[in-house]
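Here the structure is laid out as structure tokens; the discussion comes afterwards.
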Amino acid sequence: MAIREIIILPDKQLRLVSKPVEKITTEIRKLADDMFETMYDAPGIGLAAIQVGVPQRLLVIDLQEPLEEDGEPVKNPLVFVNPEILEHSDQDVPYNEGCLSVPDQYAEVDRPDRIKARWQDLDGKVHEEVITGMLATCLQHEMDHLNGVLFIDHLSRLKRDMILKKIAKARKELQAA
Ligand code: K1U
Ligand code: ZN
């Protein structure tokens with residue numbers, strides 16, 4: 001396993017529409033393993049392949065939710081190959097989202113609180129499930145990445161421009177240091 005570099009804004013690769021995974025090969029399994037290692041290291045709760053520069057419709061999620069209060073987070077690694085949203089509820093819920101490709105920026109995004117999704121796992125098995133709560137939010141965020149969409153695209157122009165300015169400023173400061 002290896003930690004891969006996470007690409008960040010304004011890298012144009014983040015705007016690519018990723019291609020379907022045609023065959024689950026050793027390379028795809030290795031990519032998923034590396035994505036988990038990269039996500040745990042960041043740390044984050046999700047990662048799409050394009051965030052490590054691979055334009056394939058593959059994403060990983062681990063919400064690492066504690067089983068009980070003060071409990072240790074329990075690992076629950078999930079891989080979604082070629083995910084699709086079949087249905088979504090009309091009811092939206094807000095969540096203060098972040099993104100490893102938009103570092104240190106958070107903003108409230110409204111998304112459907114319930115989706116019916118279809119995807120394949122790494123054995124090629126097809127799953128179809130209704131997903132709610134934080135997993136639904138995270139899956140929609142990661143699926144946006146597969147279509148070149150970032151959470152900032154769901155914000156007003158004013159909020160989005162503020163975040164883009166902050167990122168440009170942070171980049172300049174880093175280059176000057
Ligand atoms: O960049 C990404 O796509 C990952 C992103 C996923 C996400 C977060 C919040 C709402 C929707 C999707 C992150 O993981 S940002 C970091 C983060 O949320 C986090 C980091 C450490 C512990 C817990 C959460
Ligand atoms: Zn993201």
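Exactly one residue out of ILE45, ILE24, ILE6 is β-branched (Val, Ile, Thr), touching a Cys at 6+ places or on another chain (Cβ under 9 Å) and open to solvent by 10 Å² or more (accessible area, probe 1.4 Å): that is ILE45.
GLU108: open to solvent by 50 Å² or more (accessible area, probe 1.4 Å), over 23 Å from SER18 (Cα atoms) and not in a loop (DSSP other than H, G, I, E, B), yes or no? I'd like the intermediate steps shown before the answer.
Working: open to solvent by 50 Å² or more (accessible area, probe 1.4 Å): yes; over 23 Å from SER18 (Cα atoms): yes; not in a loop (DSSP other than H, G, I, E, B): yes.
For GLU108, the condition - open to solvent by 50 Å² or more (accessible area, probe 1.4 Å), over 23 Å from SER18 (Cα atoms) and not in a loop (DSSP other than H, G, I, E, B) - is met.
Here is a yes/no grid of residues against (1) under 17 Å from the mean Cα position of the chain (by Cα); (2) open to solvent by 90 Å² or more (accessible area, probe 1.4 Å):
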{"position": "VAL93", "(1), (2)": "no, no"}
{"position": "ASP113", "(1), (2)": "yes, no"}
{"position": "SER156", "(1), (2)": "no, no"}
{"position": "ASP161", "(1), (2)": "no, no"}
{"position": "LYS165", "(1), (2)": "no, yes"}
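When you scan segment 59-74, do you find a residue that is more than 11 Å from ligand 1 (Cβ to nearest atom), modelled with pLDDT of 95 or more, outside any loop (DSSP other than H, G, I, E, B) and under 23 Å from LEU9 (Cβ atoms), even just one? No, there is no match, as no residue in segment 59-74 is more than 11 Å from ligand 1 (Cβ to nearest atom), modelled with pLDDT of 95 or more, outside any loop (DSSP other than H, G, I, E, B) and under 23 Å from LEU9 (Cβ atoms).
Please enumerate the residues belonging to segment 115-147 that are among the charged types (D, E, K, R), within 15 Å of ligand 2 (Cβ to nearest atom) and open to solvent by 20 Å² or more (accessible area, probe 1.4 Å). Lay out the reasoning, then the answer.
Within segment 115-147, the first condition is being among the charged types (D, E, K, R), and the residues that meet it are 116, 118, 121, 123, 125, 128-129, 142, 144.
From the residues that got through so far, the ones that are within 15 Å of ligand 2 (Cβ to nearest atom) too are 142, 144.
ASP144, the sole residue that qualifies.
If you go through segment 30-58 and pick out every residue that is in a helix (DSSP H, G or I) and either within 11 Å of ligand 2 (Cβ to nearest atom) or touching a strand residue (DSSP E or B) at 6+ places or on another chain (Cβ under 9 Å) (or both), you end up with 9.
Name the pairs: first residue in segment 37-54 and under 14 Å from MET1 (Cβ atoms) and within 10 Å of ligand 1 (Cβ to nearest atom), second residue of a type in the set (A, V, I, L, M) and open to solvent by 10 Å² or more (accessible area, probe 1.4 Å), Cβ to Cβ under 8 Å, at least 6 apart or on different chains? Close Cβ pairs (under 8 Å, with a partner that is of a type in the set (A, V, I, L, M) and open to solvent by 10 Å² or more (accessible area, probe 1.4 Å)) amount to MET39/ILE45; MET39/LEU100; LEU47/ILE6; LEU47/LEU100. Scan segment 59-66 and give yes if some residue there is touching a helix residue (DSSP H, G or I) at 6+ places or on another chain (Cβ under 9 Å), more than 18 Å from GLU84 (Cα to Cα) and open to solvent by less than 50 Å² (accessible area, probe 1.4 Å), otherwise no. Among the residues of segment 59-66, at least one is touching a helix residue (DSSP H, G or I) at 6+ places or on another chain (Cβ under 9 Å), more than 18 Å from GLU84 (Cα to Cα) and open to solvent by less than 50 Å² (accessible area, probe 1.4 Å), which makes the answer yes. With respect to (1) under 16 Å from the mean Cα position of the chain (by Cα); (2) surrounded by fewer than 15 Cβ atoms within 10 Å (Cβ to Cβ), the lone exception for ALA177 is condition (1).
The values are calculated or read from the model by the stated rules, or taken from the named source; none is laboratory data. In this text, all values refer to a predicted model and were calculated from it rather than measured experimentally. Because the Cβ atoms are built from the backbone with ideal geometry, glycine has one as well, and the counts that use them run over all protein chains shown. Ligands, DNA and RNA are excluded from the accessible area calculation, which covers all protein heavy atoms including side chains. Shrake-Rupley method; radii C 1.70, N 1.55, O 1.52, S 1.80 Å.
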